[in-house]
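Participant: Can you keep this structure in mind? I'll have questions shortly.
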Amino acid sequence: MMKIVLGLLAGLCVALFAISGINSTIDTDGRFTSGIPKKAADRADDYAKQLFASKGGLVAVGDERLIKRALVVAGRGDCHVIGSSRAMTIQAKAIRLIAPECQQPVNLGVSGGSFEDILIYAHLAITHQSKHLFINIDHWTFQPRADDRFYELGDEYCNAVRFFSLQRADCAVQQEKGKRIDPAYALKNLRSLPSAPVKEYRVMPAESRNSNEAATLADGSHEYSLEYRQKMLRTWDARHLSYKLLPGPPSEAALEDFRKLLKKASSSGVSVAFVLAPYHPRVFECEVPAMCLALQTTQAASTALAEQAGAKLYGSYKVPGVGAEDFMSDMFLFPAAFERVFTFPKGKSSR
């Protein structure tokens, strides 16, 4: 009996030690209470500082969401682009075509950017002196949980949920402000992050890269590697005809959350515009009919939201004058093409 009791006590001690270890990785000042290791946060901060000081940008590295967070928290940018990888090639000069008052546009787009990512970066931008938000809307944007990578910034997500007065059950694990969060939630986030030490980061000027290295430009936008572009120009991935295609129309709950985001931004003195980045013309051949339907319903929902909020909407999923030659791959536009997207139709809301 005594052995059993001692065994249980030993097991309890091990569990408590593990939880305390998780908590020790959580920054006590509240910056990264979702379990993001301080080393990873420091890496992102250092990369952001070097990016600001660079002329042509830096060779792209991992921890993308942390780096984009570091960019906005450092106070860089008076206008911000938010969205998925389909918006990551929007450069500062394209934004200045429609908002010349933007002195320092910064691109906060992230791979697989979901509605939850939009909440995170909209909150960060609004609370760090942004004047204008340009939110790219993909066909999956109005579907909750289209991608779970936003959990890498779990605490920032829950901060955004509170800021926009939303109701999300996945934030219920958080305790009162100032206390540590549920250890199981921290473990989920720790497992999702890369464990590479600082020395493995290749912080190099973009000009020094080889053809197989992508770059993060000084405005936060992404430049794909030459090798990738040459390969993708000759390749069509049929899976992209239904990429992130989810069943059903746009979620009414997500649309209502978006309305709250727009209302909060307006009350904070921040204007919001929607961007509809075109899809490859082959998508509109409707080889996957459900994809065509998703684009139609999402564009209609975006237009209605913009009209209700008095927001501008730039572009369209099918823009006259933007053809297959404007796509560096079956998913991504060349940066120059966005200059035509933003002037369609001549800077007014699309219909």
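Participant: Pairs under 7 Å by beta carbon, first residue farther than 16 Å from Phe52 by Cβ and free of Cβ contacts under 8 Å to residues at least 60 places away in the same chain in segment 204-228, partner of a type outside the set (Gly, Ala, Ser) and assigned to a helix (DSSP H, G or I), six or more apart or different chains?
Facilitator: Filtered contacts from segment 204-228: Ser211/Leu226; Ser211/Glu227; Asn212/Glu227.
Participant: Given the condition out of contact with any Leu (no Cβ under 9 Å at 6 or more places or on another chain), at pLDDT below 95, of a type outside the set (D, E, K, R) and buried (at least 21 other Cβ atoms within 10 Å of the Cβ), answer yes or no: does some residue in segment 321-332 qualify? Write out each step before concluding.
Facilitator: The first filter runs over segment 321-332 and keeps only residues out of contact with any Leu (no Cβ under 9 Å at 6 or more places or on another chain), leaving 321, 323-325, 331-332.
Among the residues that remain, those that are also at pLDDT below 95 are: 321, 323-325, 331-332.
After this cut, where a residue has to be of a type outside the set (D, E, K, R) as well, the list is 321, 323-324, 331-332.
Narrowing further to those that are buried (at least 21 other Cβ atoms within 10 Å of the Cβ): 332.
Yes: segment 321-332 contains one or more residues that are out of contact with any Leu (no Cβ under 9 Å at 6 or more places or on another chain), at pLDDT below 95, of a type outside the set (D, E, K, R) and buried (at least 21 other Cβ atoms within 10 Å of the Cβ).
Participant: So, in segment 157-180, of the ones that are surrounded by 15 or more Cβ atoms within 10 Å (Cβ to Cβ) and part of a loop (DSSP other than H, G, I, E, B), which residue ends up modelled with the lowest pLDDT?
Facilitator: Arg180
Participant: Could you list all residues from segment 114-126 that are over 22 Å from Pro100 (Cα atoms) and touching a residue at least 60 places away in the same chain (Cβ under 8 Å)?
Facilitator: Selection gives Phe115, Ile118, Leu119.
Participant: For Gln230, which of the numbered conditions (1) of a type outside the set (A, V, I, L, M); (2) under 22 Å from Thr89 (Cβ atoms); (3) surrounded by 14 or more Cβ atoms within 10 Å (Cβ to Cβ) fails to hold?
Facilitator: Here Gln230 meets the rest and fails (3).
Participant: Turning to a different aspect of this structure: Look at segment 270-307 and say how many of its residues are touching a Gly at 6+ places or on another chain (Cβ under 8 Å) and part of a strand (DSSP E or B).
Facilitator: 2
Participant: Counting only residues that are farther than 16 Å from Ile82 by Cβ and touching a Ser or Thr at 6+ places or on another chain (Cβ under 8 Å), which one in segment 261-292 is surrounded by the fewest Cβ atoms within 10 Å (Cβ to Cβ)?
Facilitator: Within segment 261-292, the match that is surrounded by the fewest Cβ atoms within 10 Å (Cβ to Cβ) is Ala290.
Participant: Right, something else. Can you find a residue that is out of contact with any strand residue (DSSP E or B) (no Cβ under 8 Å at 6 or more places or on another chain) and either closer than 16 Å to Val270 by Cα or not in a helix (DSSP H, G or I) (or both) anywhere in segment 70-80?
Facilitator: First, pick out the residues of segment 70-80 that are out of contact with any strand residue (DSSP E or B) (no Cβ under 8 Å at 6 or more places or on another chain): 70, 73-75.
Within this subset, residues satisfying the condition of being either closer than 16 Å to Val270 by Cα or not in a helix (DSSP H, G or I) (or both) are 74-75.
For segment 70-80, residues out of contact with any strand residue (DSSP E or B) (no Cβ under 8 Å at 6 or more places or on another chain) and either closer than 16 Å to Val270 by Cα or not in a helix (DSSP H, G or I) (or both): present.
Participant: Condition first: part of a helix (DSSP H, G or I) and farther than 30 Å from Leu261 by Cα. Now tell me which residues in segment 308-328 satisfy that.
Facilitator: Answer for segment 308-328, where residues must be part of a helix (DSSP H, G or I) and farther than 30 Å from Leu261 by Cα: Ala324, Glu325, Asp326.
Participant: Looking at Ala311, Ala290 in this structure, which one is of a type outside the set (Val, Ile, Thr) and in contact with a Pro (Cβ under 9 Å, 6 or more places away or on another chain)?
Facilitator: Residue meeting the stated conditions: Ala290.
Participant: Additional query: Starting from residues that are surrounded by 24 or more Cβ atoms within 10 Å (Cβ to Cβ) and among the aliphatic types (A, V, I, L, M), keep the ones in segment 73-89 and report whichever is farthest from Phe52 (Cα to Cα).
Facilitator: Residue satisfying both the conditions and the ranking: Ala87.
Participant: Additional query: If you scan segment 90-136, which residues turn out to be in contact with a strand residue (DSSP E or B) (Cβ under 7 Å, 6 or more places away or on another chain), in a helix (DSSP H, G or I) and surrounded by 23 or more Cβ atoms within 10 Å (Cβ to Cβ)?
Facilitator: Ile95, Ile118, Tyr121, Ala122, Ala125
Participant: Scanning for something modelled with pLDDT under 90, of a type outside the set (Asp, Glu) and more than 24 Å from Phe134 (Cβ to Cβ), does segment 249-260 turn up at least one residue?
Facilitator: Looking for residues that are modelled with pLDDT under 90, of a type outside the set (Asp, Glu) and more than 24 Å from Phe134 (Cβ to Cβ), one finds none in segment 249-260, hence no.
Participant: For segment 120-160, give me the residue count where each residue is touching a His at 6+ places or on another chain (Cβ under 8 Å) and closer than 19 Å to Lys263 by Cβ.
Facilitator: 8
Participant: Does Phe327 satisfy the condition of being under 28 Å from Ala214 (Cβ atoms), in contact (Cβ under 8 Å) with a residue 40 or more places away in the chain and touching a helix residue (DSSP H, G or I) at 6+ places or on another chain (Cβ under 6 Å)?
Facilitator: no
Participant: So if I check each of Phe142, Phe115, Phe52, Phe134, which one is more than 16 Å from the chain's Cα centre (by Cα) and among the aromatic types (Phe, Trp, Tyr)? Even if it seems obvious, please write down each step before you answer.
Facilitator: On the way: Phe142 fails: more than 16 Å from the chain's Cα centre (by Cα); Phe115 fails: more than 16 Å from the chain's Cα centre (by Cα); Phe134 fails: more than 16 Å from the chain's Cα centre (by Cα).
Going through Phe142, Phe115, Phe52, Phe134 in turn, the sole match is Phe52.
The values are calculated or read from the model by the stated rules, or taken from the named source; none is laboratory data. As the structure is a computational prediction, the values presented were derived from the model and not from experiment. Don't worry about glycine lacking a Cβ; one is built from the backbone with ideal geometry, like all the others, and counts go over all protein chains shown.
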